[in-house]
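The values are calculated or read from the model by the stated rules, or taken from the named source; none is laboratory data. From a predicted model like this one, the values you see are computed outputs, not experimental measurements. As a convention, Cβ positions derive from the backbone with ideal geometry for all residues, glycine included, and neighbour counts pool all protein chains shown. Please note that ligands, DNA and RNA were not included when accessible areas were found on the heavy atoms of the full protein model with its side chains. Shrake-Rupley method; radii C 1.70, N 1.55, O 1.52, S 1.80 Å.
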Amino acid sequence: MVRRPVAWIVAVVLFAEALGVAAVNWFMGVVVDRQDMSLAGMDPDVMSTSSKIGGILFGLYFGLCAVVALLVALRDRAPAGLGRVLLISVAVVHGLLGAFAWGLLGWTQFLFMVVVLALIVLLLMTYDAQERPAARQPEDSKGDSGPPVVPAPVTPPTAPTTP
């Protein structure tokens, strides 16, 4: 039974992004390596290797965030600790990537980044509300034997006065 499908959607999108980012960076590294060009005197081998390593690391980061979203979906519980920090950080990364995409790539890539950002924020907000347990009946009452027992209101103690 899938109660909140947003976690599943975020997990699938982040896995696809992990593969896409790693593949694009690997392709860019191969292109730089085959063209044998330098940028501002940098060694082309260093640029190629750093692009490939960066793509792998960024892909692993998105993959780890996708695993966290998948665990949230499987457990149907809010992310806690490091998982929550990872999801918040990937939301910030998507906000920054969206800003760069608007300036460098165009509005369609910006729109994609904003949609993914909205899905991640929705995931965090959906599971943020804690479900409270139902009020317990006192142990001395037996079912429907009378009206429900309402506890007395709690009042704070009186403030001390000084002479």
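Before moving on, here are some points about what is shown:
- Residue that is least open to solvent (accessible area, probe 1.4 Å) [pool: residues in region 70-116 that are touching a Gly at 6+ places or on another chain (Cβ under 9 Å) and under 16 Å from Ala18 (Cβ atoms)]: Val116
- Any hit, region 27-34, residues being closer than 30 Å to Ala118 by Cβ and either in contact (Cβ under 8 Å) with a residue 40 or more places away in the chain or open to solvent by 90 Å² or more (accessible area, probe 1.4 Å) (or both): yes
- Residues of region 58-69 that turn out to be in contact with a Leu (Cβ under 9 Å, 6 or more places away or on another chain) and open to solvent by 40 Å² or more (accessible area, probe 1.4 Å), as a count: 3
- Which numbered condition Ala40 fails, given (1) outside any helix (DSSP H, G or I); (2) surrounded by 16 or more Cβ atoms within 10 Å (Cβ to Cβ): (2)
- Any chance Gly55 is over 22 Å from Tyr127 (Cβ atoms), exposed (fewer than 13 other Cβ atoms within 10 Å of the Cβ) and over 12 Å from the mean Cα position of the chain (by Cα): no
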